[in-house]
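Visitor: Handing you a structure now.
The values are calculated or read from the model by the stated rules, or taken from the named source; none is laboratory data. All values reported here derive from a predicted model rather than from experimental measurement. Every residue, glycine as well, gets a Cβ built from its backbone with ideal geometry; the counts of neighbours run over all protein chains shown. All accessible areas refer to the heavy atoms of the entire protein, side chains included, with ligands and DNA or RNA removed. Shrake-Rupley method; radii C 1.70, N 1.55, O 1.52, S 1.80 Å.
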Amino acid sequence: MRVSKEELVAVLAQFNPWWRGEAIADLPKWRRAAFRELHAWLTAPPAPRAVMLSGARQIGKTTLMLQAADALLRAGVPAANILYATFDHPILKLAGIDAVIDAWREREPRAEGPEYLLLDEAQFIRNHGEEVGTWVKHQVDFRKDRRIAFTGSAMPLVEADQESGVGRWHTIRLTTLSFYEYLQIKRLQLPELPKLRSLRDLFDWAPADFYRATDLGRDYVGHFHEYLLRGGFPQTAQVDSVTQAQRLLREDIIDKVLKRDMTALFGVRRVLDLEHTFLYLCLHDGGLLDMVDLCSNLEVKRPTAQHFIELLEATHLIYRLPPYGYGKDVLRARFKIYLADAAIAPAVMLKGKAILEDAAALGVATETAVFKHLFARYYAQNVRFSYWRGKREHEVDLVAEVGGELIPFEVKYRAQHTGARELKGLIELCQAKRIARGYVVTKSLDDFGPMQGLPVPAPGAEATATQIMRIPAPLLCYWMGAIEIPDANG
C-alpha cells in the first residue's frame, strides 16, 4: 500500500505548526532536567552523533522534543529546517523515513543552516527493510548537515545493529519523574529546602543545619507519599485523584506496553503468560528473583520466563540488579528486580491508598523510588549498580560503583530510629571494602544526621573509619532529583 504525497504532507503539516508561523499548542513552560542535555546536543554537539531519548511510555519524551523545537525556533533557526515526525502515526509508519523527508522538503524548501530531525517512536521506522539503527548510522556518517534526535520506548532501538551504531548516537535515558520534578509539575508552593552540591556536603553540616532541614521538610512528607501512589508519569501526576491516576497508569501505560508494544515490536503471542509474569514481578518488587518459584507458579518453562523478563526490561518496565562481585559467582546468582516506578505495583494490584497503612508495602515502594532516583542521577557516569550479600546473609540494598569508589545505600523505611544494630550488613560491607561513607534512607524526619556509635577500627588495623549518614527518604529523593546537584556523591 502506497501513501500519496498529499496525504503525507497533510499529516506532517499538523505536527509542524511552525511551518505556518503558529506556536506549539499546550506546550508546558516547565522543563525536565534532561532538557538541558538534549538542547546542548542539538545546538552545540560535543561530538558528531545523533541523540536518542530512551524511556518508558508516557514519561515526557514527546514533550521534550517539542520543547527542543520551540527553543530552536526562539534561537532563530528557520522553521523550514525543523522537522518533527512521530512514527506511531500509521501514515508516517507506512510511508517510511525517506518518503517523510522528501515530503518535508517538497512542502518546505531548505533554508540556510543545519537541518533538525526530531523523530518520535523511532522503533517503528523502517527504511527499505533496514532497521532505524542502520539508517541513523548512515545519516551520522554521511549527512553532517543534519542533527537528529529520536525517541524510543524499547531497548531494541539501542541494540539494533549494535556494532555499526557504536559512536553514532548519544543516549539520554529517561526515568519517570523524580520527586523534585513531580513537585515542580504540580506547582506546589513548599518551603525551600537547603541546596546541596552533593550528598557528601551533609557530612559537613552542623547540628543546627539538620534541625532546620527537618523542620522545613515536614511539609514534604505527605506529598512524597502521594507521589509514591500517583507515580512519576506526567499524566498521572496531574489528574484529580489517586484512584484516577492509578487507573490511568494501569490502562494507558502498562496495558499498552504489554498488549500492543510487545506484539508489534517483539511478536509476542502468549500475552496472558507475559501479563502473569509481570504480575508476579509486581508482587515481588524489590526482591530477589526466584526463577524456580516463578516457573512453578506460572507453569511456564524457564527459557520462556527468562525471555519475558528480558522483554519487560527492554520496554523499561523493570530494572534488574545483579549482586556485587565479578565472574562466575555473579553469573550464577539471582538478580534483584525493581519496577520502573513505585506506583506501578499498587496500580496493578488495585491497592489504592491502602499501601499507606501497610508498612511493608510502603517500605518496598520507597526502596523502589530510592533506586530510581539513584539510577537517574548516576547512569550517565556509566555507574555499575548492584546489591550486596555477605557471608552471614547480611545484605545491603544498593551499591553504586562510581569511578572505582563504592557508595552503599540501605533503605530502612520504618518508624523506629535506625541504629548500628539494624545495619550489620552495611557496616560489614564498609569494613570489608574500606568504604569511607555510606547512607541509610530512613522514614522519620527526626531520623536524620550522622550515625553515632559505629564500630571503631582497632589500632594498627588496616581499616577505614566509616561515616554513615541517615537521610529521610523524602529529602533524599528531593535532593537526588534537584537540578542543582551535578553528582550524587561528589
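Visitor: When Ala40 is evaluated against the numbered criteria (1) open to solvent by 20 Å² or more (accessible area, probe 1.4 Å); (2) under 29 Å from Phe375 (Cβ atoms); (3) among the aliphatic types (A, V, I, L, M); (4) in contact with an Asp or Glu (Cβ under 9 Å, 6 or more places away or on another chain), which criterion, by number, is the only one it fails?
Guide: Only one criterion is unmet by Ala40, namely (4).
Visitor: Hey, another quick one. Could you tell me whether Lys61 is more than 23 Å from Thr176 (Cα to Cα) and either under 20 Å from the mean Cα position of the chain (by Cα) or without any contact (Cβ under 8 Å) to a residue 60 or more places away in the chain (or both)?
Guide: Working: more than 23 Å from Thr176 (Cα to Cα): no; either under 20 Å from the mean Cα position of the chain (by Cα) or without any contact (Cβ under 8 Å) to a residue 60 or more places away in the chain (or both): yes.
In short, no.
Visitor: Can you confirm whether Asn16 is open to solvent by less than 20 Å² (accessible area, probe 1.4 Å), at pLDDT 95 or above, among the polar types (S, T, N, Q) and within 14 Å of Ile148 (Cβ to Cβ)?
Guide: On the way: open to solvent by less than 20 Å² (accessible area, probe 1.4 Å): yes; at pLDDT 95 or above: yes; among the polar types (S, T, N, Q): yes; within 14 Å of Ile148 (Cβ to Cβ): no.
No, not satisfied.
Visitor: Next up: Working only within the stretch 166-213, note down all residues that are closer than 25 Å to Leu38 by Cβ, of a type in the set (A, V, I, L, M, F, W, C) and either touching a residue at least 60 places away in the same chain (Cβ under 8 Å) or surrounded by 14 or more Cβ atoms within 10 Å (Cβ to Cβ) (or both). Write out each step before concluding.
Guide: If we filter the stretch 166-213 for residues that are closer than 25 Å to Leu38 by Cβ, which is where we start, we get 166-187, 195-198.
Checking the rest, the ones that are also of a type in the set (A, V, I, L, M, F, W, C) come to 166, 169, 172, 174, 177, 179, 183, 185, 196.
Trp169, Ile172, Leu174, Leu177, Phe179, Leu183, Ile185, Leu196 - these are the residues of the stretch 166-213 that are closer than 25 Å to Leu38 by Cβ, of a type in the set (A, V, I, L, M, F, W, C) and either touching a residue at least 60 places away in the same chain (Cβ under 8 Å) or surrounded by 14 or more Cβ atoms within 10 Å (Cβ to Cβ) (or both).
Visitor: Show the residue pairs that are 6+ apart or on different chains and have beta-carbon atoms under 7 Å apart, the first residue being within the stretch 286-304 and closer than 24 Å to Ala365 by Cβ, the second being in a loop (DSSP other than H, G, I, E, B).
Guide: Leu288/Arg334; Leu289/Arg334; Leu289/Phe335; Asp290/Arg334
Visitor: Hey, can you tell me all the residues within the stretch 98-119 that are aliphatic (A, V, I, L, M) and either within 33 Å of the chain's Cα centre (by Cα) or not in a loop (DSSP other than H, G, I, E, B) (or both)? Steps first, please.
Guide: Pass one, the stretch 98-119, residues aliphatic (A, V, I, L, M): 99-101, 103, 111, 117-119.
Result: Ala99, Val100, Ile101, Ala103, Leu117, Leu118, Leu119.
Visitor: Also, I was wondering about something else. Looking for something closer than 24 Å to Lys443 by Cβ, touching a Lys or Arg at 6+ places or on another chain (Cβ under 8 Å) and not aromatic (Phe, Trp, Tyr) - is there at least one such residue anywhere in the stretch 206-219?
Guide: No, the stretch 206-219 contains no residue that is closer than 24 Å to Lys443 by Cβ, touching a Lys or Arg at 6+ places or on another chain (Cβ under 8 Å) and not aromatic (Phe, Trp, Tyr).
Conditions tested, residue by residue: (1) outside any helix (DSSP H, G or I); (2) closer than 22 Å to Tyr324 by Cβ.
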{"position": "Ala347", "(1), (2)": "no, no"}
{"position": "Leu356", "(1), (2)": "no, no"}
{"position": "Leu362", "(1), (2)": "no, no"}
{"position": "Thr366", "(1), (2)": "no, yes"}
{"position": "Leu374", "(1), (2)": "no, yes"}
{"position": "Glu401", "(1), (2)": "yes, yes"}
{"position": "Leu406", "(1), (2)": "yes, yes"}
{"position": "Arg421", "(1), (2)": "no, no"}
{"position": "Lys424", "(1), (2)": "no, yes"}
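Visitor: Considering only residues that are free of Cβ contacts under 8 Å to residues at least 60 places away in the same chain and hydroxyl-bearing (Ser, Thr, Tyr), which ones fall in the stretch 239-277?
Guide: Passing the criteria: Ser241, Thr263, Thr277.
Visitor: Here is a further query. Please go through the stretch 59-102 and give me each residue that is buried (at least 21 other Cβ atoms within 10 Å of the Cβ) and on the phi > 0 side of the Ramachandran plot, ordered by number.
Guide: Matches in the stretch 59-102: Gly60 only.
Visitor: Tell me, which residue of the stretch 287-337 that is of a type in the set (Lys, Arg) and at pLDDT 90 or above is most open to solvent (accessible area, probe 1.4 Å)?
Guide: Start the filter on the stretch 287-337 by keeping residues that are of a type in the set (Lys, Arg), which leaves 301-302, 320, 328, 332, 334, 336.
Still in the running and at pLDDT 90 or above: 301-302, 320, 336.
Numbers: Lys301: 157, Arg302: 131, Arg320: 60, Lys336: 11 Å².
Filtering first and then ranking leaves Lys301.
Visitor: Still on this structure, please answer the following. Take the residues in the stretch 139-163 that are assigned to a helix (DSSP H, G or I) and under 21 Å from Pro46 (Cβ atoms), then tell me which one is modelled with the lowest pLDDT. Can you show your working first?
Guide: We begin by selecting, within the stretch 139-163, every residue assigned to a helix (DSSP H, G or I); these are 139-142, 156-159, 162-163.
From what is left, the residues that are under 21 Å from Pro46 (Cβ atoms) are 139-142, 158.
Values: Gln139: 91, Val140: 90, Asp141: 89, Phe142: 91, Val158: 47.
For the stretch 139-163, the residue satisfying everything is Val158.
Visitor: Follow-up question, since we're still on this one. Can you tell me which residue within the stretch 374-430, out of those that are in contact with a Ser or Thr (Cβ under 6 Å, 6 or more places away or on another chain) and within 30 Å of Leu38 (Cα to Cα), is modelled with the highest pLDDT?
Guide: This residue is Val399.
Visitor: Let me ask something additional. Which ones in the stretch 43-58 are among the small types (Gly, Ala, Ser) and either touching a residue at least 12 places away in the same chain (Cβ under 8 Å) or surrounded by 12 or more Cβ atoms within 10 Å (Cβ to Cβ) (or both)?
Guide: Quick first cut of the stretch 43-58, residues among the small types (Gly, Ala, Ser) only: 44, 47, 50, 54-56.
Ala47, Ala50, Ser54, Gly55, Ala56 - these are the residues of the stretch 43-58 that are among the small types (Gly, Ala, Ser) and either touching a residue at least 12 places away in the same chain (Cβ under 8 Å) or surrounded by 12 or more Cβ atoms within 10 Å (Cβ to Cβ) (or both).
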